[in-house]
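The values are calculated or read from the model by the stated rules, or taken from the named source; none is laboratory data. Computed from a predicted structure; not experimentally measured. Here the Cβ is made from the backbone with ideal geometry for all residues, glycine too, and neighbour counts use every protein chain on show.
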Amino acid sequence: QKEVEQNSGPLSVPEGAIASLNCTYSDRGSQSFFWYRQYSGKSPELIMFIYSNGDKEDGRFTAQLNKASQYVSLLIRDSQPSDSATYLCAVKTGRRALTFGSGTRLQVQP
Amino acid sequence: NAGVTQTPKFQVLKTGQSMTLQCAQDMNHNSMYWYRQDPGMGLRLIYYSASEGTTDKGEVPNGYNVSRLNKREFSLRLESAAPSQTSVYFCASTGTALNEQYFGPGTRLTVT
């Protein structure tokens with residue numbers, strides 16, 4: 001079992017819709033969670049992080065964490081074609097380096 | 001404030017050649033990392049350095065060596081390049097307060 005799992009996609013949503021990206025992790029001791037956006041040919045860019053159960057909102061982005069279910073999600077409201085990218089989930093456990101999922105490719109159709 | 005910088009941006013090597021990828025950060029971060037990214041594989045950790053003077057192996061260290069030259073610089077060396085090392089290499093550093101990682105622009109390496 002991979003430590004951090006994501007559906008590779010592509011996830012296709014129409015412009016203006018809500019995109020929902022999901023991530024599960026295997027280590028119950030994981031304490032912090034990150035979402036990165038990566039455009040094709042570019043480096044990953046941090047967009048959200050969350051530590052506590054519940055929701056964290058930043059503009060059009062909402063990160064949701066459920067530690068009991070070992071589940072993290074990212075919601076993108078009012079999706080725009082410029083949101084089309086690969087979204088990487090990353091998890092920090094103890095003193096180890098971040099562990100990344102393989103990413104979900106999002107396509108927002110105009 | 002340039003963040004994390006990497007050189008070179010592109011490189012083509014022949015099998016058996018050696019090279020060093022350079023990385024520097026100007027954010028006064030203690031921890032630095034080298035990842036490789038292959039299609040469908042996500043980011044895989046090669047080596048990391050939790051602080052100046054220390055280095056540790058990650059998930060895929062074979063065929064690589066690293067040097068933490070000082071707090072700013074962390075280099076990755078391929079002693080004898082192989083086609084399996086064709087990949088995109090990213091350097092990253094970590095902020096101490098929130099553990100968030102910042103990435104460099106990447107080096108696209110092809111080994112023929």
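Which of the strands (runs of 3 or more DSSP E) found entirely inside region B:61-112 contain at least 2 residues meeting this: away from every other protein chain (no Cβ under 14 Å) and touching a Cys at 6+ places or on another chain (Cβ under 6 Å)?
Numbers: elements: B:64-68, B:74-78, B:87-94, B:101-103, B:107-111.
Passing ranges: none, list empty.
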Check: Out of the residues in region B:31-52 that are under 18 Å from B:Arg108 (Cβ atoms) and assigned to a loop (DSSP other than H, G, I, E, B), which is farthest from the chain's Cα centre (by Cα)?
Finding: B:Gly40
Next item on the list: Looking at (1) under 22 Å from A:Leu46 (Cα atoms); (2) assigned to a loop (DSSP other than H, G, I, E, B); (3) within 14 Å of chain A (Cβ to nearest Cβ), find the lone condition where B:Asn28 falls short.
Entry: (3)
Next item on the list: Determine, yes or no, whether A:Lys42 is of a type outside the set (Asp, Glu), in a strand (DSSP E or B) and within 11 Å of another protein chain (Cβ to nearest Cβ).
Entry: no
Notebook entry, point to check: Is it fair to say A:Val4 is at pLDDT 90 or above, surrounded by 17 or more Cβ atoms within 10 Å (Cβ to Cβ), of a type in the set (Val, Ile, Thr) and over 14 Å from the mean Cα position of the chain (by Cα)?
Noted result: no
Checklist line | Number of the condition not met by A:Asp78 [criteria: (1) more than 13 Å from every other protein chain (Cβ to nearest Cβ); (2) farther than 16 Å from A:Asp27 by Cα; (3) in contact with a Leu (Cβ under 9 Å, 6 or more places away or on another chain); (4) of a type outside the set (Gly, Ala, Ser)] | finding: (3)
